[in-house]
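The values are calculated or read from the model by the stated rules, or taken from the named source; none is laboratory data. In this text the structure is predicted, and so the values were computed from the model without any measurement. Because the Cβ atoms are built from the backbone with ideal geometry, glycine has one as well, and the counts that use them run over all protein chains shown.
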Amino acid sequence: MRMTRRQFAISGCLAPLIGLTGTPTRAADADPVLIEWSTIAPRSAAEKVRLRVHASGFIVAWPPGRGQEQKETRSPEEVRKLAEAAAEVVHTNSLSTEALRSELREQSRRTGLAFQIHEADDSLVRVRGEFGMVELRCPAPPLLANRFPDATRLQAYATLEQRLANLSCVVQCGGKEAAERLCRHANDRLRAEHPEAAAWSVDELMMVRRSADGGRFVQFRRGEFHDECWTTCVTESPGLAPRVTVIPPASQVR
């Protein structure tokens, strides 16, 4: 059932943001959080914050596991629009934790496929919109989005999480300029090997990993919710030229 704007407002007011210390963070803070994305491991109640976007434009991103946080500052207008777009996705698709769970149960009943993914993390997104903060939790969004392509709420949530994961990756790799440089490396090789393929954009940067020696491994991905998944990997090592590998979908492999 679709939420009214009043119900959306009330549900947002009942979901305070929880900080890394477990202390509630509310709208009255000097620099309120507009968006937070976290993951929760199986059999754990602890949230691993992956991205936090503040109203001032200050953004903090954390890699999976134990890694060094990276920070970036954008304009307040840019992050406000980002939060508004996320809140619109929530409202338009009547997203809630219970609605997502109900849809997954129904998809499982119809298809005979399980909606529990062994050892997969849950995703937790909090978004502050016009009426306050909304909290959403969903198990294994990318995997289940591939398994249940007709689950419209799940698809909307997975796309929202993908946008936040991309922002986190851009911040982790050093900001937009650094991401654009990596994107040029990826496109040079993609054009050489698959000139018919669509060029990569910074919006498709979906993984950043750093090594102890100062190296970095990144992935550009598209179509991961479907069968036609393209991937390009860029590996940077100190003192060496970047190594780029293109992994086309199975239909492109000759």
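State yes or no: is Arg80 without any contact (Cβ under 8 Å) to a residue 40 or more places away in the chain, surrounded by 13 or more Cβ atoms within 10 Å (Cβ to Cβ) and closer than 22 Å to Gln162 by Cβ?
Numbers: without any contact (Cβ under 8 Å) to a residue 40 or more places away in the chain: no; surrounded by 13 or more Cβ atoms within 10 Å (Cβ to Cβ): yes; closer than 22 Å to Gln162 by Cβ: yes.
When the stated conditions are applied, Arg80 does not pass them.
In the set Arg209, Arg153, Arg163, only one residue is surrounded by fewer than 18 Cβ atoms within 10 Å (Cβ to Cβ) and modelled with pLDDT of 95 or more; that residue is Arg163. Summed over the range 91-142, residues that are crowded, with 17+ Cβ neighbours inside 10 Å, aliphatic (A, V, I, L, M) and either on the phi < 0 side of the Ramachandran plot or part of a strand (DSSP E or B) (or both) total 10.
Listed by first and then second residue, the pairs linking a residue in the range 151-176 that is among the β-branched types (Val, Ile, Thr) to a residue that is crowded, with 22+ Cβ neighbours inside 10 Å, with Cβ atoms under 7 Å apart and 6 or more places separating them unless they lie on different chains, are Val170/Ala179; Val170/Leu205; Val171/Ile59; Val171/Ala61. Put simply, of Arg209, Arg221, Arg189, Arg163 the only residue that is closer than 26 Å to Val79 by Cβ and in a helix (DSSP H, G or I) is Arg163.
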